[in-house]
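Worksheet: one structure, shown below.
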Amino acid sequence: MLKINGVYKTFNIGTVNEKKALNGVDLNLKEGDFVTIIGGNGAGKSTLLNSICGVFPVDKGSIVIDGTDITKLPEHKRASYLGRVFQDPMMGTAADMQIAENLSLAYRRGQKRRLKWAMPKKELAMYKEMVAHLGLGLEERMTTKVGLLSGGQRQALTLLMAVMKRPRLLLLDEHTAALDPKTAATVLTLSQKFIDEDHLTAMMITHNMKDAINYGNRLIMMHEGRVIFNVEGEEKKKLTVEDLLKKFADISGSEFANDRTLLN
Amino acid sequence: MDIFSALPGAAAQGIIWGIMAIGVYLTYRIIDVADLTVDGTMATGGATLVVCVTSGMNVWLAMVIAFFAGCIAGLLTGIFNTKFAIPAILAGILTQLILYSVNLRIMSEKANVPLSVEKYDIILSLRDVPHAIIVGLIFTALLIGCFYWFFGTELGQSLRATGCNANMARANGINTDSRRIIGLVLSNGIVALSGALLAQYQGFADVNMGRGAIVIGLAAVIIGQVIFGKIFRNFALRLLATVFGGIIYYSVITLVLKMGLNANDLKMFSAIVVAIFLGIPHWKKLLAQKAAARRG
């Protein structure tokens, strides 16, 4: 359902800070795939997700979702296909707006926004029910400004906003990295629950090798802007952290073992 | 007693500027853009109204035209900002400069055009201050009502999201560029309407009548927030607080003038007061950080 063909992206072309972030990425996702993405800092993981979202135009290649070429679409037009959760819990919600208002904004993703009342009573009841499913007790605080919530609560809410319209593709960009371990586990469990319940196709970047192995049916490893390793199905189930470390050392030299972020 | 006899006039002016401040609230607070176009738009509104009315047009129609003239100015700033990628402040300054020439054109190259309340049928004048206050309050109430409705709609909500978190807005399918333009258009329309009311009140339009308008608008927004922020939580009440801020601003100005402040120093005085109020949140944060550091 997602086809990424030969995507290249270089930042700051022609300057001393030139950085080849994506160096010919090819990737095909099937309906219902849940892919975890690992790789060192600067491997191009976030750049890949951001180019799917259209945060910036890519230099070369194409991105196709369900047969629709979205390579040239502006960010807000692609949003109807996508659900996104960012690494920074502050980034996915509007702090000065209520929980219900944030949900009502997300609920209209992919629709034209008109001069109709944004929060009809009927919808409020539905939002309340959805929020109750998060199991965080937020359903009693629907009119609370999101800025008053904790990082974990905000991230759970962002996740709900990302999935509530059943996106064609859910993109999770290290969405638990900024949370404490316990909250991170809660948000991760919720992510799995939503993906299972709605049979979502999803991509998740993580720095945690165990999570990369335990979640999803596919795993890809990126290095220097390329996908260098791809396992799925039974093969992935048998994978261990040691395997991954060794795999990386084989393919790219010993660099990986020195990458602090991958050893946690 | 002299001071108190001047207060109703200050209140009337404060209400008219309070309406202008609602326009500033829309850009500064809601879509998070400091829009300097308003210095020009205020005069555009006044000039358009006076020229239309003196050529025999109905005053209500003239106010509608003034509103749309302001909208066009806002559109220009919006296009500069989004399509030319010029930072909002500079985009506003550019339009403001364009408007200076345009405003002179509107007034047939004259810097000041009178509008006599005796010759024309206008809706408010400083000859009858209580009446002017009532007219101003009616406009304020209607405007706050419109705002309350608009920002509760899907479209209005998307403007708020754009100002609050543009990343989140785009991720949820909102075209943030178009929302910024809509905000600037509406804001400048309101400011021009306020200019049209002011021209009627004072009985003339002047090419300089909007000079420093942004500072007065910000002063009203900030005074309203500082004084009423704790009790006025509701959106409509916050807008009302902005209008109160305008009234308080003009009352204070009237008082300090009566107490002997040189009128030529007035703009400096206003700007410094606004600068201090804008700085207060920052200093508060610094102090809190220091206190936390000492404790920690």
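Just so you know, all these numbers are worked out from the coordinates, no wet-lab data involved. Please read these numbers as outputs of a predicted model, since none were measured by experiment. FYI the Cβ positions are ideal-geometry reconstructions off the backbone, even for glycines, and counts take in every protein chain you see.
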Q. Which of the pairs A:Lys30/A:Lys237; A:Lys60/A:Lys238; A:Lys72/A:Lys210 have their Cα atoms more than 24 Å apart in this structure?
A. A:Lys60/A:Lys238; A:Lys72/A:Lys210
Q. Roughly speaking, what is the centre-to-centre gap between the range A:63-77 and the range B:194-208 when only Cα atoms are used, to the nearest Å?
A. 51 Å
Q | Distance violations [Cα-Cα > 27 Å] among A:Lys112/A:Lys145; A:Lys45/B:Lys290; A:Lys3/B:Lys83; B:Lys230/B:Lys284 | A | A:Lys45/B:Lys290; A:Lys3/B:Lys83
Q) So how do A:His207, B:His282 line up by other beta-carbon neighbours within 10 Å, fewest first? A) B:His282, A:His207
Q. Can you give the calculated 222 nm mean residue ellipticity of chain A, where each DSSP H run of n ≥ 4 adds -39,500 (n - 2.57) and the sum is split over every residue, rounded to the nearest 500 deg cm²/dmol?
A. -10000 deg cm²/dmol
Q | For the range B:139-296, size of Cβ-based charge dipole, Lys and Arg +1, Asp and Glu -1, in debye | A | 820 debye
Q: Take the alpha carbon gyration tensor of the range B:187-286, find the square roots of its eigenvalues, order them as a ≥ b ≥ c, and report rounded if a/c is under 1.5; if not, report prolate when a/b exceeds b/c, else oblate.
A: oblate
Q.
Using the Cα centre of the protein assembly as shown as origin and beta-carbon charges of +1 (Lys, Arg) and -1 (Asp, Glu), tell me which of A:Val227, B:Gly45, B:Phe4 is placed farthest towards the positive end of the dipole.
A. B:Phe4
Q: Mind checking A:81-92 for the average number of partner chain beta-carbons within 10 Å of each residue's beta-carbon?
A: 2
(Q) 5 Å is the cut-off here: which amide hydrogens, built 1.01 Å from N in the peptide plane, fall below it relative to A:Lys9, excluding neighbours closer than 5 in sequence? (A) A:Ala21, A:Leu22, A:Asn23, A:Gly24, A:Asp59
Q) Dipole of chain B, Cα-centred, from +1 at each Lys and Arg C-beta and -1 at each Asp and Glu C-beta, to the nearest 20 debye? A) 1220 debye
Q.
Just to be sure I understand the rule: take each whole DSSP H helix in chain B, project its Cα atoms onto its long axis, keep it if the span is 20 Å or more and its mean Kyte-Doolittle hydropathy is at least -0.5. Which ones pass?
A. B:2-25, B:38-54, B:59-82, B:88-106, B:129-150, B:176-202, B:213-228, B:235-258, B:266-295
Q | Cα-based shape type of the protein assembly as shown, given that a ≥ b ≥ c are square roots of the gyration tensor eigenvalues and the cut on a/c is 1.5 | A | prolate
Q: Among the lysines, select those whose C-alpha is under 18 Å from the C-alpha of A:Lys122, and discard any that sit fewer than 8 residues away in the same chain.
A: A:Lys165
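Neighbour counts of other C-beta atoms within 10 Å: give me A:Asp96, B:Asp35, B:Asp121 arranged from fewest to most.
B:Asp121, A:Asp96, B:Asp35
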Q) For the charge dipole of the protein assembly as shown, defined by +1 on Lys and Arg C-beta atoms and -1 on Asp and Glu C-beta atoms about the Cα centroid, which residue among B:Ile134, B:Thr162, A:Tyr8 has the Cα displaced farthest towards the positive pole? A) B:Ile134
Q) Tell me, what ³J(HN,Hα) does each residue in the range A:27-35 have, in order and in whole Hz, if you take phi through Karplus 6.51 cos²θ - 1.76 cosθ + 1.60 with θ = phi - 60° and put x for Gly and Pro? A) 7, 10, 10, 8, 3, x, 5, 10, 9
Q.
Using a Förster radius of 60 Å, what is the FRET efficiency between A:Lys236 and B:Ile98 based on their Cβ-Cβ separation? Nearest 0.05, please.
A. 0.45
Q | Packing-based order for B:68-80, B:226-238, using average beta carbon neighbours within 10 Å, highest first | A | B:68-80, B:226-238
Q. Shape of chain B from its Cα gyration tensor (a ≥ b ≥ c, root eigenvalues): rounded if a/c is under 1.5, otherwise prolate when a/b > b/c, or oblate?
A. oblate
Q) Tell me, A:Leu22, B:Leu7 in order of fewest to most beta-carbon neighbours within 10 Å? A) B:Leu7, A:Leu22
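Grab the beta carbon distance between B:Ser116 and A:Lys121, set R0 = 60 Å, and tell me the FRET efficiency rounded to 0.05.
Taking R0 as 60 Å, the efficiency between B:Ser116 and A:Lys121 is 0.65.
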Q) Where does chain B land at 222 nm, in deg cm²/dmol rounded to the nearest 500, when only DSSP H runs of n ≥ 4 count, each adding -39500 (n - 2.57), divided by all residues? A) -25500 deg cm²/dmol
Q | Under 5 Å, built H, 5+ apart or other chain: amide partners of B:Thr153 | A | A:Ala118
(Q) For the range A:112-167 and the range B:40-83, what is the centre-to-centre distance using only Cα atoms, to the nearest Å? (A) 41 Å
